[in-house]
Amino acid sequence: MEARVKWVEGLSFLGESASGHQLMMDGNSGDKAPSPMEMVLMAVGGCSAIDVISILQKGRNEVTDCEVKLTSERREEIPRYFTYINLHFIVSGNDLNDKMVERAVKLSADKYCSVSMMLEKAVKVTHSFEIRNLK
């Protein structure tokens, strides 16, 4: 996998993936775009959400929405890396139950989410969930 990051101005940078997608990053406390650390946080949420939705859909579950609320803590001193991240899944659908959603979240955490597993080498990562059944 390859990517590139090009300086635009100030502390703004344009990242481009090997697949040709671009996004802005801002090192000035997220003034013009997400900061790199915000992007790491969103990346772990996106990676795990992809897994959870995929697992639930493969199980023929009727999922209508999935949101991951991420909370984190960082060191006060430099380097200000994450020390704790919680991924809280809010899964909506029909006839969902704790067992199926818990299984999907656990499989993502323990087997599939590369971003989470990489971060767990240095960060305490926890997972929680809630279900919103529509019927």
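Data table
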quantity	calculated
At 1.567 mPa s and 4 °C, Stokes diffusion of the stretch 59-135 via Kirkwood alpha-carbon radius, µm² per second	95
Protein accessible area in the chain, 1.4 Å probe - carbon and sulfur %	53
Filter on K58/K111; K6/K69; K69/K124; K32/K69 - keep pairs with C-alpha separation over 25 Å	K6/K69
Nearest-ten-degree value, helix 36-58 long axis tilted from longest Cα axis of the chain	20
Candidates per trypsin sites (Lys or Arg not before Pro) in the stretch 1-98, loop by DSSP, up to 12 other Cβ within 10 Å	R60, R75, R80
5 angstrom amide H check on H127, placed H, neighbours 5+ away	L87
Within the chain: Cβ-based charge dipole about Cα centre, in debye rounded to nearest 20 (Lys, Arg +1; Asp, Glu -1)	340
Summed residue charge, Cβ within 14 Å of S48's Cβ, Lys/Arg positive, Asp/Glu negative	-1
P(r) of the stretch 16-65 over all Cα-Cα pairs, binned every 5 Å from zero, in whole percent	5, 18, 16, 18, 15, 13, 10, 5, 1
Computed helical MRE - 222 nm, the chain, DSSP H runs ≥ 4 contributing -39500 (n - 2.57), nearest 500	-9000 deg cm²/dmol
The stretch 79-100 residues near the modelled D65 label - backbone nitrogen below 13 Å, point 7 Å along Cα→Cβ	90-94
M1-E16 pseudo-label distance in nm [points 7 Å out on the Cα-to-Cβ vector]	1.9
Extension gain (nm, one decimal) between D95 and A43, 0.36 nm per residue minus Cα-Cα	15.8 nm
Protection proxy ranking, peptides 107-115, 84-92, 11-19, average beta carbon neighbours within 10 Å, highest first	84-92, 107-115, 11-19
Most mobile listed residue (E120, E77, E38) in the chain, GNM with C-alpha springs under 10 Å	E77
Charge sum, other residues only, whose C-beta stays under 13 Å from S19's C-beta, Lys/Arg counted +1 and Asp/Glu -1	-1
Using alpha carbons only: equivalent-ellipsoid semi-axes of the chain, gyration tensor based, whole Å	31, 17, 14
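The values are calculated or read from the model by the stated rules, or taken from the named source; none is laboratory data. Values in this document were obtained by computation on a predicted structure and should not be read as measured data. Note that each Cβ is placed from the backbone with ideal geometry, even for glycine, and that neighbours are counted across all protein chains shown. Keep in mind that these areas ignore ligands, DNA and RNA; they rest on the heavy atoms of the full protein, side chains included. Shrake-Rupley method; radii C 1.70, N 1.55, O 1.52, S 1.80 Å.
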